[in-house]
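The values are calculated or read from the model by the stated rules, or taken from the named source; none is laboratory data. On a predicted model such as this, the values are computed, not experimentally measured, just so you know. Because the Cβ atoms are built from the backbone with ideal geometry, glycine has one as well, and the counts that use them run over all protein chains shown.
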Amino acid sequence: MQKPEQIVLESSGFSDFNPVQKMALKKGLLDGRNLIVAAPTASGKTLVAELAAVNAFLNKKKTVYIVPLKALANEKYQEFNEKYNKIGMKTAMSIGDLDETDPWLGKYDVIIATSEKMDSLLRHGLEWLDRIGLVVIDEIHLLDDPGRGPTLEVTITKLLSLIKPQVLGLSATINNYEEIAEWLKADSFKTDYRPVKVEKGICIDDKIHFEDERIIELDSSSEQSTGITLDTVDKKKQLIIFANTRRGAESTAEKVGFDIKKKLPENEKFELFRISEEIIHSIDRPTKQCERLAGCVRNGTAFHHAGLVAKQRSIIEDNFRKGVIKLIAATPTLAAGINLPAWRVFVKDLRRFSGFRGMDYLPVLEVQQMMGRSGRPKFDKTGEAILVAKNEEEAEKLWDKYILGDPERIQSKLGVEPVLRMHTLALIASGMITSESGLVEFFSKTFYAYQYGDLSELEKVLDKVIKILEDFEFIRTGKNETKKSDNPFRTAAELLKESGSEISPTVLGKRVSELYIDPITAHDFIEGIKVFEKKNATPVGIVQLLCNTIEMIPLLSVRKSDMELVESVVVSNSQNFSKPVPNTWDMDYDDFIRSVKTAMFIGSWMEESGEDVIMDNFNVTPGELRVRLDNADWLSYAMSELAWILNKKTILKEIKKVRIRLKYGVKEELLPLVHIKGIGRVRARMLYTSGVRSLEDMRKIPMASLKRVLGEKLAESVKEQLNVKTEEKQSNSGLNSFMGRDE
């Protein structure tokens, strides 16, 4: 039988391992040793994970590969599937529904999941848990991230408490990698090795000064971004420019493109025009942002940020890899995401707004992640990473901080109440924890406890959380009598656990945990459902309740010019909300107003407004629209599940209708039509306008007439579906306006 080393080398097309991979092998990677690898971007860390995964497979054990982003999960899935399917190692990706157990995963050898999805799977219980032999944690330094770090930390702690897998943590070069290793009882090593050397420099005015004292002079008649891009294109290379805002990325790509286009051959211009048409037609109703992006692409540039839809980002990434697009101007999120290297990286903005501190310099680790995108292993022997300084004084500061300086220490972000609410309930609901002392014992195993030692502050927060969960009737607590033991060897922890306060989940609490929402959100939903039971539940009331949650933050801001309209909506709908409208002088008034504006934006989608109208009226980009609609869909599903548990059938029906309208972006009158496969919001409206208002109308309409509206293939598909499906009775009463306002 082949050894893991042979399989990985052959599958990767390499003749030997690089220094990072050799060091991992030397440290006992294939002997089941826990290991933390701290190495730069593009240093070959993924191949270390592949070695460990193939080794686990040959030893008939599963691998769980935890990644921070869905895009990264998809990338790793493609790599593993392409390289190792031929040896029978089956790879699966699980990043979707957080209320699914995904039992099919038991048939796979490598499971790639986000930390949130893995946490959700553990909450539901895994039949294949004891077959996990390896846990790979990609980007383990994200323990420091306030948003995702706590879930990652708790998930790691759960896995280590339930099973004893080999742990492999992969990280960028961080300051306290040894501390993370000590927490995980792992070996570790740090290296600066990189197959493609990064030459770092700082740009002042029209000159770039490099570490080796080399100087490049840019075209002094051009703005810096244009000058450096022209220099890059002249060298037949590609460039990523990082800007600190979406607007900055868009304007950079646009300005630079006018000069780049002059250097492009005709065949590339033709290809770029074709790509720009793909961009324009990637959504039903192109927005100004789509048109702006398409215009940039025609000139050989593009911008890349979370405001784009997934299809647009994919088109840009694919054509940048092919070399057709010469420049991507991106926000820093690209640096922490997928593998998209360029020969040269230009970081033009090194400061961003940071709350009460105003404009503040970016963390060293974040900038090093951006610089790490320079140099393409298959094409370049070196890459260039360039920072921008206003003057020589700032250049000296940037040099010391980002080029010579060390990245920040990774600090646990676990000890805050919102995080602990969710994870405490999950621990109790899953049966992992049955007493208060057991809860403290679990958190004593976390990175937080390892770093801070003293758990007294954490225990105070946990006491508060237990009280909240008990008040919400999500858990029950009760005191055991102190038990005497005949066993003199019983540990103090065991005695404490027996004599402490018992904790158990209620049926409602267990379901809230599985739904993966904040317990306060669940409580607000439950109270709102009770209020709606006493009066008519309207779509506006339900959607505002969805929006007034932690999960929907950040809510849309309300500008002075918006206030009159938003407040008029509040007045006309005051009886529809689940809570009384706060007084204007109350602390929660601003949050309430923002929740109403966010509900107005979602309501606009449900009233069939296009992406272009929504962007014009609410400044919500298509990419952001998709993210917010996904969140609202999940929350509406959670609300419907709680209504079902509470046996509030009338309210449940209204919530389900809202959820379908959210999904398809349609008025209530189109609900019967969008249930048919292939009929979306646009075709449903066409049918309705043509007089087809129900499934019965659809059955009766002559095929020839239906083909004129839908086209031949879809018309045949619709008729075929109607022959086998039973009609669902739906209410056809429409809403003139979601917000109760005259059109």
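Is it fair to say Lys322 is surrounded by fewer than 18 Cβ atoms within 10 Å (Cβ to Cβ) and farther than 30 Å from Gly44 by Cβ?
no
Within region 29-80, the set of residues being hydrophobic (A, V, I, L, M, F, W, C), touching a helix residue (DSSP H, G or I) at 6+ places or on another chain (Cβ under 7 Å) and closer than 20 Å to Asp130 by Cβ comprises Ala52, Leu58, Val64, Ile66. Which of the residues belonging to region 418-437 are within 21 Å of Glu514 (Cβ to Cβ) and surrounded by fewer than 21 Cβ atoms within 10 Å (Cβ to Cβ)? Pro418, Ser430, Gly431, Met432, Thr434 - these are the residues of region 418-437 that are within 21 Å of Glu514 (Cβ to Cβ) and surrounded by fewer than 21 Cβ atoms within 10 Å (Cβ to Cβ). Of the residues Arg274, Arg285, Arg298, Arg292, which is assigned by TED's automatic domain parsing to the domain that holds Lys326 and modelled with pLDDT under 90? Sole residue among the options that is assigned by TED's automatic domain parsing to the domain that holds Lys326 and modelled with pLDDT under 90: Arg285.
Table: residues versus (1) in a loop (DSSP other than H, G, I, E, B); (2) touching a residue at least 40 places away in the same chain (Cβ under 8 Å); (3) more than 24 Å from Gln369 (Cβ to Cβ); (4) touching an Asp or Glu at 6+ places or on another chain (Cβ under 7 Å).
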| position | (1), (2), (3), (4) |
| --- | --- |
| Val37 | no, yes, no, no |
| Val48 | no, yes, no, no |
| Ala56 | no, yes, yes, no |
| Asn74 | no, no, no, no |
| Tyr77 | no, no, no, no |
| Asn85 | no, no, yes, no |
| Glu100 | yes, no, yes, no |
| Lys117 | no, no, no, no |
| Leu121 | no, no, yes, yes |
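Only a single item in (1) over 18 Å from Ala522 (Cβ atoms); (2) small (Gly, Ala, Ser); (3) in contact (Cβ under 8 Å) with a residue 40 or more places away in the chain is not met by Ser574, and it is number (3).
Can Arg659 be described as at pLDDT 95 or above, in a helix (DSSP H, G or I) and surrounded by fewer than 21 Cβ atoms within 10 Å (Cβ to Cβ)? Considered against the rule, which asks whether it is at pLDDT 95 or above, in a helix (DSSP H, G or I) and surrounded by fewer than 21 Cβ atoms within 10 Å (Cβ to Cβ), Arg659 comes out as yes.
Can you tell me which residues in region 124-159 are more than 21 Å from Gly415 (Cβ to Cβ) and either at pLDDT below 90 or of a type in the set (A, V, I, L, M) (or both)?
Within region 124-159, His124, Gly125, Leu126, Glu127, Leu129, Ile132, Leu134, Val135, Val136 meet the criteria.
For region 208-322, the strands (runs of 3 or more DSSP E) that sit wholly inside it and include 3 or more residues that are touching a residue at least 60 places away in the same chain (Cβ under 8 Å) are 239-242.
Of all residues in region 145-204, those being among the acidic types (Asp, Glu) and either assigned to a strand (DSSP E or B) or crowded, with 19+ Cβ neighbours inside 10 Å (or both) number 3. Set side by side, the residues Glu139, Glu116 differ, and just one is acidic (Asp, Glu) and within 30 Å of Arg194 (Cα to Cα), which is Glu139.
Just to check your reading of the model, which residue among Met703, Met698 is surrounded by fewer than 14 Cβ atoms within 10 Å (Cβ to Cβ) and closer than 16 Å to Asn723 by Cα?
Met703
Each residue in region 607-652 was checked for being among the polar types (S, T, N, Q), assigned to a helix (DSSP H, G or I) and under 15 Å from Pro554 (Cβ atoms), and 1 pass. Selection of region 657-675 for residues being under 23 Å from the mean Cα position of the chain (by Cα) and of a type in the set (Lys, Arg) yields Arg659, Lys663.
Checking the structure you have, find out if any residue of region 102-115 is at positive phi, of a type outside the set (S, T, N, Q) and not in a strand (DSSP E or B).
Yes, region 102-115 contains a residue that is at positive phi, of a type outside the set (S, T, N, Q) and not in a strand (DSSP E or B).
Of all residues in region 123-132, those satisfying the criterion of being in contact (Cβ under 8 Å) with a residue 40 or more places away in the chain and surrounded by fewer than 22 Cβ atoms within 10 Å (Cβ to Cβ) are His124, Gly125, Trp128, Arg131, Ile132. Listed residues Arg373, Arg298, Arg344, Arg351; which is in contact with a strand residue (DSSP E or B) (Cβ under 6 Å, 6 or more places away or on another chain), surrounded by 18 or more Cβ atoms within 10 Å (Cβ to Cβ) and closer than 29 Å to Arg626 by Cα? Just one listed residue meets the conditions, Arg373.
Restricting attention to region 535-555, the residues that are touching an Asp or Glu at 6+ places or on another chain (Cβ under 9 Å), aliphatic (A, V, I, L, M) and crowded, with 24+ Cβ neighbours inside 10 Å add up to 3. Condition test on Ala92, is it in contact with a strand residue (DSSP E or B) (Cβ under 8 Å, 6 or more places away or on another chain), outside any helix (DSSP H, G or I) and surrounded by fewer than 22 Cβ atoms within 10 Å (Cβ to Cβ)? So Ala92 fits the description; yes. Residues that are polar (S, T, N, Q) and assigned to a helix (DSSP H, G or I) within region 512-542 comprise Ser513, Thr521, listed in sequence order. For region 196-204, the criterion of being under 33 Å from the mean Cα position of the chain (by Cα), without any contact (Cβ under 8 Å) to a residue 40 or more places away in the chain and farther than 30 Å from Tyr450 by Cβ is satisfied by no residue at all. Residues that are acidic (Asp, Glu), crowded, with 18+ Cβ neighbours inside 10 Å and within 15 Å of Ala330 (Cβ to Cβ) within region 207-257 comprise just one, Glu250. Checking every residue in region 102-122 against the condition of being over 24 Å from Ala56 (Cα atoms), within 21 Å of the chain's Cα centre (by Cα) and in the same structural domain as Thr173 (by TED's automatic domain parsing) gives zero matches.
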